[in-house]
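Take a look at the structure below.
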Amino acid sequence: MAQSDPQQRILDAFEDAIVQYGVQAASFSRIATIGGFHRTLVQHHFGSRTRLVHAAVARLCTYYQRRTHEVLAAAPSQRRLDTLLDWLLSSFGADGPPRPARAVDAFIAIAPTDTVIAQHLRQLYGGFRSALDTELREQHPSLSPTVRADLAFSWVCLAFGRAGLDTLEDPTARATTARRACDHLLTVALSRPSVVA
């Protein structure tokens, strides 16, 4: 993000405030302190807290959509599924989730009370499921559409469940454990003749 763009600087500071204080406690004053600007700048550019929250969640979803496409484009065709899973499960980092993943985790908690946030997160998860399903279809065409959809859904649950546990500093929330679970689910699906097309 261009640091000279005041809106992007505000959104960066807001994400940092969310990570430190949570969405509800990330006040304009705290955002301004973190970002090193006056709180009136936040109100000038976003007008209201609701507009700021919606802009932040939209930006996070755009970020993950762009990164998914970049990861897939950079991967060799025979490794696209593994590369996508590796990125999705390790994108939260060995030392804890980075700011975008923690911000998404915070938005999950308030999504039931905000339809705009819920819609953005549904699109985010749907994009991940769609990308995983596409790669499964390419690499394992014998799997039925239902099994592919179930696997993609399970993998997204593993990734974001891990993010939540990682945010809570659960020592069992390791990328390697989640990745092994993904491989195990695929092995089971491929070994059961009743689940292939």
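The values are calculated or read from the model by the stated rules, or taken from the named source; none is laboratory data. Note that the coordinates shown come from a computational prediction; the quantities given were computed from them, not determined experimentally. Positions of Cβ are generated from backbone atoms using ideal geometry, with glycine treated the same way; all protein chains shown enter the neighbour counts. For accessibility, only protein heavy atoms count, side chains too; no ligands or nucleic acids. Shrake-Rupley method; radii C 1.70, N 1.55, O 1.52, S 1.80 Å.
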For this session: Mind listing just one residue for me: the one in region 44-86 that is of a type in the set (A, V, I, L, M, F, W, C) and out of contact with any Leu (no Cβ under 9 Å at 6 or more places or on another chain) and, of those, least open to solvent (accessible area, probe 1.4 Å)?
Result: 53
Exercise. What helices (runs of 4 or more DSSP H), lying completely within region 5-79, carry at least 3 residues that are in contact (Cβ under 8 Å) with a residue 60 or more places away in the chain, at negative phi and of a type in the set (Val, Ile, Thr)?
Worked result: 49-74
Problem set entry | Members of region 118-148 found to be in a helix (DSSP H, G or I), open to solvent by 50 Å² or more (accessible area, probe 1.4 Å) and among the small types (Gly, Ala, Ser), listed by number | 130
